[in-house]
Structures are given as structure tokens and as C-alpha cells.
Amino acid sequence: MSILEMKVPSPGESITEVEIATWLVQDGDYVEKDQPIAEVDSDKATLELPAEQSGIITLKAEEGEVVQVGQVVCLIDMDAAKPAGSAAPAEEKPKEEPKAEVKKEEPAPVKAEVAKTETYASQTPSPAAKKILDEKGISASQVTGSGRDGRITKDDAVTASVPAMGSAPAGGNRAQTTTKLSVLRRKIAARLVSVKNETAMLTTFNEVDMSEIFRIRKQYKEEFAAKHGIGLGFMSFFTKAVTRALKLYPDVNASIDGDFKINYDFADISIAVSGPKGLMVPVLRNAENMTLRGVEANIKDLATKVRDGKITVDEMTGGTFTITNGGTFGSMMSTPIINPPQSAILGMHNIIQRPVAVDGQVVIRPMMYVAMSYDHRIIDGKESVGFLVAVKEAIDNPVEFLMDGDERKALEL
């Protein structure tokens, strides 16, 4: 009998353990070579585990179990014959619903002596009792009546009290669901806490006028899409505005390593993308050398990989500066958290038509608040403010600062 021991491969450098997020097959299923059999979570990404050979599979790890890189997680009997009628891959194992922990409702008070089974269904209070209960804010259903057939009397209402804080409301749903955080979510939580504890993080704010970018996109978006096969979005303008500002303020493009500061001559821009497993930050390598079209194409490719669960650890490793766009979810203002070991992050927000003063006149413009959080240990206030002002001037006037005065050439039209 030829039995293959399938071991957990290394997802990337520095990763020593993963969590079995979901088995996509059941114990005893026949699997084909390269068929996805499990999803595993590392502290950086969720990856698919393909079958190394065809055969009958025996699972050796449970869903939710943390396993070491190199550990055996399943066996494949390569001599087993393929069952008849099993041309299609085995059905995906249904995910077990989280068990709900339900807090039982406290039973309503019961009369010590029940002489009759015929009672008022709603424990009708007398007029005087109803007035007292209304003043106390107590529902008649929370009071046991001592009158005939369970009727609530004035004395019952006077002695009634508001239920203690935390007691179950009558008829309320008290269900709770407890689920274990994934390895990725736990790692993100630990990193965010460490940033707050280990950096001197401050945030500076400004606002940008999106009028010119709106005009450019409206004028060229159809021609741009027809020629390049991609949309012309906002992120390419902000990415180029950031790479320009990083050249003007190089300490923003730096990190701390012990007692040393590392400055980077390149701009690897991490772009925050929301995926099924949470927020991912794939990296645009050498974004300073990309055109607007190049930025759009690379962002589209990376975003697709994130949403399809195909992003690799290497594609999310590194980065010298991060851009995050909370505006896609409607955020008007926020304080973004630095992505370590980087020293700064730019937060974009939603665009709102607001009245602003231009040349002494009040006009309506599409405005966006922007925020930059930075590590004050290596970036001074003057540099942080100057950096954000440089981003602002590039967004306010992209033709001059990002396109060298030639819109069509910059868009490669």
C-alpha cells in the first residue's frame, strides 16, 4: 500500500505555523491531484492546500487546529481505486454553524397558589394600577396580579419594581455566538496593539479638492478604458501624489531598526484592499516608476487576487508606505493606524460636495478629508505637514504636478 503523508508547506519566510481554517473534503473522500482540499490561515494570508496525489484521503487535523509547518495533516492512499461515478470532485464539507450560547430567560414570577386555570392572558391591570405602572415605566407583563383571575391591583402596582440591570427582558432574544478569531485576525490585532504601544503615533489632517480629477476622469475615462482595458480611478492619482511627496520628504519613506533609521530610495506602496478574510495590504513595487496606467493595472491585478484568495505572502511582504481608503465604506474622517515597520500611512475618505471659498467666492466643490498618521520618533511635525500639503497640491492640480502639463501623454492616450 502506497500512503502519501501530506505535510504543511511553508507559506513564506518567517511563518512557522498555520491554522486549518476549512477542510474542503471529508475523511474518506477520493481526491484528485491538485484538487484544493483545505484552506489554511497564516498570520499574513489565507491559502489553499492542493492534494499532492490522487487517492483516498484520511484527515489528521481538525478544523481550527493550529499546526506547524512540516506537520502531517492528512494521508492519501494512492493505491485506492477511484469510486465509480465520482468523476466530479467530492462535495465541499458544509461548514459547521457556530454554536450559540443562550442565556435562559428568568421565569416570570408565579403565584404560590393557582386556584383556576382560567386567567387573564395579559394580566389586565385595574385603571389605578395601570396609571401607577405607566408612571414607573413597568409593563403589566412583568407584574404578577394578586386579584381575582390574576388581575393586577393597585397594591400590586405600588409594590412592583423595575427589573434589575442585566435581567432578561420579557420576550427578548438573549442568544450569543462565540467564534474563535482566525490566525490572521489575531495577528492583525496583536500588530495594531503593538503599534499603539511601541510608536509615537500622531495624525495630521488636511482636505483636497477633487474637481480637477473629476474633470479628467469624466473627459478621458471612456477613451482610457477602451485603450487600456482598465478603469481610471482615484487611487492612481493618490499613489503618484504620494510617490512625489516621498521624494520631497524622504524621512516619511523610512523605518526604525533599533537605534538606526533606514531610508529607502524606492517607494513600495502598500494598498489596503478589503477581502473575504479581512483587510489585506498587497504592495506595488517601485511605484515611483509606474505611470497612471501602470498603477491602475497593478492595483486591479492585486485586488482581484485578494478577493479570489489567490494573493501570495510575497505580494504582501514589505512596503515602505501605506494608502488606505475608508471612503469606499462612507468614512468622513478617521485616524489610520501605521502598518509596521513603516513610519506613515495616508488615509483617504469619502467625497462630499461642500461649499468652499475660492477667490473670494463661495462655490460648491467635491472635497475629501485626508489624514496622515506618522511615527513622531523619526518624522517631525514640519515634515508630516509638508508631506500632506505636497499630496494636497498634487491632487488639487494634477495636470501641473503629476502630468507635466500634458494630460493625454500622462494617460498614454
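Coordinate-derived values only; no laboratory data. These numbers were taken from a predicted model, which means no experiment stands behind them. Neighbour counts run over all protein chains shown; Cβ positions are idealised from the backbone, glycine included.
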(message) I need the shape label for region 254-303. Rule: rounded when a/c is under 1.5, else prolate if a/b > b/c, else oblate, with a, b, c from the alpha carbon gyration tensor.
(response) oblate
(message) Give me the one-decimal nm value for the distance between modelled label points at LEU192 and THR124, 7 Å along each residue's Cα-to-Cβ direction.
(response) 5.5 nm
(request) Take every DSSP beta bridge with both residues inside region 298-413 and express the antiparallel ones as a percent of the total, to the nearest 5. (result) 75 percent
(message) Starting from 0.36 nm per residue, how many nanometres of slack lie between THR179 and ARG285 once their C-alpha separation is accounted for?
(response) 34.5 nm
(message) Starting from the 7 Å offset along Cα-to-Cβ, what nm value, one decimal, do you get for the label separation of ASP359 and GLU393?
(response) 2.0 nm
(request) Classify region 278-331 as rounded, prolate or oblate, taking a ≥ b ≥ c as the square roots of the eigenvalues of its Cα gyration tensor: rounded when a/c is under 1.5, otherwise prolate if a/b is larger than b/c and oblate if not. (result) rounded
(message) Can you give the FRET efficiency to the nearest 0.05 for MET1 and THR335, using r as the Cβ-Cβ distance and R₀ = 60 Å?
(response) 0.50
(message) Give me the dipole magnitude in Debye, nearest 20, for region 235-338 about the Cα centre, with unit charges on the beta carbon: positive for Lys and Arg, negative for Asp and Glu.
(response) 400 debye
(request) Only loop residues by DSSP count here, and only those with at most 16 other Cβ atoms within 10 Å; note down the trypsin sites (Lys or Arg not before Pro) in region 313-393 that meet that. (result) ARG377
(request) Quick one: what are the phi-derived ³J(HN,Hα) couplings along region 286-296, Karplus 6.51/-1.76/1.60 with θ = phi - 60°, whole Hz, x for glycine and proline? (result) 6, 5, 5, 9, 7, 7, 4, 5, x, 5, 4
(message) What's the ranking of 210-219, 317-326 by average number of surrounding C-beta atoms within 10 Å, highest first?
(response) 317-326, 210-219
(message) If I take all pairs of Cα atoms in region 314-354, what percentage of them are more than 12 Å from each other?
(response) 61 percent
(message) Report the gain in length on full extension from PHE266 to SER146: 0.36 nm times residue separation, minus Cα-Cα distance, nm rounded to one decimal.
(response) 35.0 nm
